[in-house]
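First the structure, in the form of structure tokens, and then the observations on it.
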Amino acid sequence: MKSVRVVVVGAGVIGFSTAVCVAEALPFCSVTLLAEKFSPDTTSDGAAGILFAGKFPDIPLERQRRWFKNSFDHLLDIAQSQHSPEAGVMLSSGWQIFKDVQADKKPFWSEAVIGFRFMTDSELKRFPEHKFGHAFTTIKCECSSYLPWLEKRFRKAGGLVEQRKVNSLQELSNSYDIIVNCSGLGSKLLVGDNKVYPVRGQVLKVEAPWLQHFIRDGDGKTYIFPGMHCVTIGGTRQEGDRRLQVDEGDTKGILERCSGLEPSIGKAKVLGEWVGLRPSRRNPRVEREVVQLQGRRVPVVHNYGHGGWGVTLAWGTALDALGLVRQCLHEMPLQAKL
Ligand SMILES: Cc1cc2nc3c(=O)[nH]c(=O)nc-3n(C[C@H](O)[C@H](O)[C@H](O)COP(=O)(O)OP(=O)(O)OC[C@H]3O[C@@H](n4cnc5c(N)ncnc54)[C@H](O)[C@@H]3O)c2cc1C
């Protein structure tokens with residue numbers, strides 16, 4: 001009989017990654033994942049899912065590097081296996097270009113991706129407004145396939161899944177011994193975190209099978225990411241904007257800016273438009289605390305607030321969250337573990 005009851009709240013890429021890590025590593029725990037929304041209706045589902053990251057200001061760079069590398073290595077194994085098409089995980093090569101030479105020329109993750117180098121002058125000629133760039137191979141992880149694949153893996157490890165909105169952690173305190181909070185933007189209400197806020201992003205899915213390489217402007221607002229079935233082009237970064245409807249002005253801007261980088265985008269058929277809200281925070285919250293709930297001291301592990309880099313950092317932060325769950329187990333009274 002499984003003795004410790006763990007609940008994970010959230011069915012985006014953070015929740016499912018964390019639930020799989022816990023269920024596979026701790027077979028003596030029963031793990032239940034609860035969420036209001038599942039694939040294809042989470043923020044994670046529409047993300048371009050390309051692996052690279054910006055720096056968070058207050059988290060040691062070594063920790064951020066580890067998050068990136070652990071995620072990259074995990075997804076690289078999948079990209080190079082028979083699971084790649086079903087999981088929606090593939091290698092992707094291309095360029096990140098900048099209008100000015102960067103003071104910090106090499107990003108902190110340059111050693112984790114494959115074949116990182118600076119672009120040559122002849123490569124840069126394609127982009128007359130840009131003076132500097134990175135060329136490398138990274139990974140594209142398409143969550144509309146990856147989430148159902150993770151869910152299967154979670155169920156195979158004995159995990160249970162339930163659709164339900166959680167209005168307060170109190171609701172969970174009698175049924176579970178450890179709560180893992182991966183509710184993204186939902187954490188604002190669920191745990192009263194006013195530091196988490198939305199950054200709106202709009203993208204288009206287009207049919208352009210001739211495009212094989214990604215192009216990303218270093219400002220993060222204009223990008224072209226070829227995927228398994230279509231090309232994702234974007235984007236916008238609108239802080240504090242909660243609108244989930246498509247904005248025609250944004251669509252026009254995206255098409256113009258992307259055609260500026262790759263003129264053949266003008267010939268691509270638009271297949272769909274999508275808006276998502278990045279669960280942003282100055283730093284993601286990957287930590288544990290003990291909360292007093294209905295007279296009981298309940299350990300809570302938080303893993304949310306990854307902003308525009310949640311797909312990139314999901315597996316790395318999930319492994320950290322697993323470490324925090326292990327610490328909770330060590331501190332639990334013996335009878336709870338029997
Ligand atoms: C346009 C766009 C492009 C992006 N591109 C990239 C990219 O290329 N690379 C990258 O790394 N990242 C990218 N991102 C960011 C990425 O999508 C997010 O960081 C990531 O999806 C966050 O995952 P999550 O699991 O925390 O949140 P979500 O996917 O939002 O999942 C949150 C889950 O919590 C559940 N939940 C919330 N509150 C409650 C509650 N009270 N009760 C029950 N369930 C609850 C929700 O129902 C949902 O299941 C992009 C985002 C956008 C919008």
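The values are calculated or read from the model by the stated rules, or taken from the named source; none is laboratory data. Not measured: the values here are computed from a predicted model. So basically every Cβ, Gly included, is an ideal-geometry build from the backbone, and we count neighbours across all protein chains shown.
Taking into account only those residues within region 155-167 that are within 11 Å of the ligand (Cβ to nearest atom), in contact with a strand residue (DSSP E or B) (Cβ under 9 Å, 6 or more places away or on another chain) and not aliphatic (A, V, I, L, M), which is farthest from Glu86 (Cα to Cα)? Checked region 155-167; the qualifying residue farthest from Glu86 (Cα to Cα) is Lys165. With respect to the conditions (1) surrounded by fewer than 22 Cβ atoms within 10 Å (Cβ to Cβ); (2) touching a residue at least 60 places away in the same chain (Cβ under 8 Å); (3) more than 9 Å from the ligand (Cβ to nearest atom), Val8 lacks only one, and its number is (1). Look at Glu239 and say whether it is acidic (Asp, Glu) and touching a Leu at 6+ places or on another chain (Cβ under 7 Å). For Glu239, the condition - acidic (Asp, Glu) and touching a Leu at 6+ places or on another chain (Cβ under 7 Å) - is not met.
Residues that are assigned to a helix (DSSP H, G or I), of a type outside the set (A, V, I, L, M) and more than 17 Å from Trp149 (Cβ to Cβ) do not occur anywhere in region 2-9.
Residue-by-condition table, conditions (1) touching a helix residue (DSSP H, G or I) at 6+ places or on another chain (Cβ under 9 Å); (2) in contact (Cβ under 8 Å) with a residue 12 or more places away in the chain; (3) part of a helix (DSSP H, G or I); (4) surrounded by fewer than 21 Cβ atoms within 10 Å (Cβ to Cβ):
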{"residue": "Ala23", "(1), (2), (3), (4)": "yes, yes, yes, no"}
{"residue": "Phe38", "(1), (2), (3), (4)": "yes, yes, no, yes"}
{"residue": "Asn70", "(1), (2), (3), (4)": "yes, yes, yes, yes"}
{"residue": "Ser93", "(1), (2), (3), (4)": "no, yes, no, yes"}
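Name the residue that is farthest from the ligand (Cβ to nearest atom), counting only residues in region 168-185 that are among the polar types (S, T, N, Q) and touching a Leu at 6+ places or on another chain (Cβ under 6 Å). Going through the qualifying residues, I end up with Ser173. Specify which of the listed residues (Ser122, Ser84) is away from the ligand (no atom under 15 Å from the Cβ), among the small types (Gly, Ala, Ser), closer than 26 Å to Val203 by Cα and without any contact (Cβ under 8 Å) to a residue 12 or more places away in the chain. Answer to the check: Ser84. Among strands (runs of 3 or more DSSP E) entirely within region 102-207, having at least 2 residues that are surrounded by fewer than 22 Cβ atoms within 10 Å (Cβ to Cβ) singles out 114-118, 132-141, 160-163, 197-207. With within 13 Å of the ligand (Cβ to nearest atom), out of contact with any Ser or Thr (no Cβ under 8 Å at 6 or more places or on another chain), of a type in the set (Lys, Arg) and modelled with pLDDT of 95 or more as the only criterion, which of Lys152, Lys188 stands out? None of the other options fit; the residue is Lys188. Scanning region 13-36 for residues that are near the ligand (Cβ under 7 Å from one of its atoms) and within 16 Å of the chain's Cα centre (by Cα) returns Val13, Ile14, Gly15. Being modelled with pLDDT of 95 or more and more than 11 Å from the ligand (Cβ to nearest atom) is not true of Asp219.
Across region 40-53, which residue is surrounded by the most Cβ atoms within 10 Å (Cβ to Cβ) among those that are in a loop (DSSP other than H, G, I, E, B) and within 10 Å of the ligand (Cβ to nearest atom)? Top of the filtered list is Gly49. From the list Ile265, Ile254, the one residue that fits, being within 14 Å of the ligand (Cβ to nearest atom) and either surrounded by 14 or more Cβ atoms within 10 Å (Cβ to Cβ) or under 19 Å from the mean Cα position of the chain (by Cα) (or both), is Ile254.
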